1. Does Ala85 count as outside any helix (DSSP H, G or I) and either at pLDDT 95 or above or surrounded by 16 or more Cβ atoms within 10 Å (Cβ to Cβ) (or both)?
2. Report every pair of residues separated by at least 6 positions or lying on different chains whose Cβ atoms are under 8 Å apart, first residue within the range 214-234 and touching a residue at least 40 places away in the same chain (Cβ under 8 Å), second among the acidic types (Asp, Glu).
3. For the list (1) over 20 Å from the mean Cα position of the chain (by Cα); (2) surrounded by fewer than 16 Cβ atoms within 10 Å (Cβ to Cβ); (3) more than 15 Å from Leu240 (Cβ to Cβ); (4) in contact (Cβ under 8 Å) with a residue 24 or more places away in the chain, I need the number of the one condition that Leu207 fails.
4. Check every one of the helices (runs of 4 or more DSSP H) wholly within the range 106-187 and list those with 3 or more residues that are farther than 22 Å from Phe44 by Cβ, out of contact with any Phe, Trp or Tyr (no Cβ under 8 Å at 6 or more places or on another chain) and free of Cβ contacts under 8 Å to residues at least 60 places away in the same chain.
5. On the basis of being within 30 Å of Ala123 (Cβ to Cβ), among the acidic types (Asp, Glu), in a helix (DSSP H, G or I) and touching a Lys or Arg at 6+ places or on another chain (Cβ under 8 Å), does Glu190 make the cut?
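The values are calculated or read from the model by the stated rules, or taken from the named source; none is laboratory data. Values in this document were obtained by computation on a predicted structure and should not be read as measured data. Positions of Cβ are backbone-derived with ideal geometry, glycine not excepted, and every protein chain shown enters the neighbour counts.
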Amino acid sequence: MRLHALQYLRAFAALAVVYSHAVTQVDSYAPLLKHAGSFGVDIFFVISGFIMIYIAKPTNTFGKFIINRARRVIPLYWFFTLLMAAMLIVLPTVFKATRFDTEALLLSLAFVPHWSMVTATEAWPIVAPGWSLNFEMYFYFVFALSLFFAEKYRIAFITLIITSVFLLATALDTGESAITHFFAKSMVFEFVLGMLLALAWKRGFRLSSPVAWVLLVVGIIMLFLKLPVPRIIEYGVPSLLIVMACLFINVREYKFGVLLGDASYALYLCHIFVLGLLRKILPPILGEGQGAALMFVAISIVVSTIASLVVHQYIDNWLLKQERLPKRFRDSR
């Protein structure tokens with residue numbers, strides 16, 4: 001069963017992240033724009049937790065699961081990481097503050113959190129949006145470990161590991177280690193929220209479409225309240241309500257919406273390159289003022305979306321097809 005509303009939600013979450021980065025690209029535009037959209041990552045985490053339980057099969061094993069997840073995540077991420085490294089060497093002024101560093105490149109490729117060259121207080125890889133993939137790969141590894149246990153114990157096991165690592169990282173986080181700082185973020189529990197939602201779904205939990213629409217509106221409103229609470233409460237709970245609502249809203253299948261959902265991973269990774277180029281090209285043409293700032297964001301979203309569709313069709317799909325070819329066929333070409 002394909003959940004079309006979740007596909008549309010994936011597209012919305014990726015576009016929200018694009019917006020959140022677009023409004024900060026030009027220093028003179030930033031004060032004129034509403035800063036929001038980072039919650040797109042939180043929505044992705046809840047969806048990820050849900051999907052892992054939703055698609056789980058009795059035949060899954062540790063090795064098979066890890067290989068399947070690596071096949072999906074790594075090729076495109078490595079492509080853009082290596083592209084970023086090449087651009088930092090050849091065109092270093094395209095990006096605001098990042099500079100090439102061999103250690104940072106290797107740690108980024110290995111999904112190891114390290115201090116960012118852009119923002120010294122953040123543990124970001126050289127493709128900055130890839131920080132969330134460090135959490136994704138961590139979650140996938142813990143989920144794979146849970147496959148050694150009976151299905152009824154898996155969510156409890158994953159929750160125990162995530163909680164233990166979080167508490168240990170929180171206790172050790174002095175601001176010096178990027179790893180402890182990274183794993184002390186409460187948003188990691190959003191994976192657990194997604195898994196619990198999937199468990200409820202599998203056990204027959206259902207909502208009517210009108211109730212789901214109410215939940216959707218409440219969740220969206222909560223995202224913009226800016227409450228002084230931990231991120232798991234500020235964005236995690238609203239994201240859970242939004243994902244829950246999208247499971248039960250009756251919507252038609254729109255091929256373009258589904259395509260945007262499929263291309264959301266490509267959009268998440270490629271948009272930072274598009275923004276870097278547009279930041280150099282557009283401001284001298286658009287000029288100053290709020291109108292120019294809004295136009296910059298609108299163009300950024302449109303161009304990033306078009307770029308993601310191209311990347312999804314001609315790079316992501318190609319990488320996945322090449323990886324899935326039988327070895328003897330690859331070797332014989």
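1. Working: outside any helix (DSSP H, G or I): no; either at pLDDT 95 or above or surrounded by 16 or more Cβ atoms within 10 Å (Cβ to Cβ) (or both): yes.
Against the criterion (outside any helix (DSSP H, G or I) and either at pLDDT 95 or above or surrounded by 16 or more Cβ atoms within 10 Å (Cβ to Cβ) (or both)), Ala85 does not qualify.
2. These pairs meet every condition: Arg231/Asp42; Ile232/Glu190.
3. Going through the list (1) over 20 Å from the mean Cα position of the chain (by Cα); (2) surrounded by fewer than 16 Cβ atoms within 10 Å (Cβ to Cβ); (3) more than 15 Å from Leu240 (Cβ to Cβ); (4) in contact (Cβ under 8 Å) with a residue 24 or more places away in the chain, Leu207 breaks only (3).
4. On the way: elements: 131-146, 151-172, 178-183.
Result: 151-172.
5. On the way: within 30 Å of Ala123 (Cβ to Cβ): yes; among the acidic types (Asp, Glu): yes; in a helix (DSSP H, G or I): yes; touching a Lys or Arg at 6+ places or on another chain (Cβ under 8 Å): no.
No; evaluated as a whole, the condition is false for this residue.
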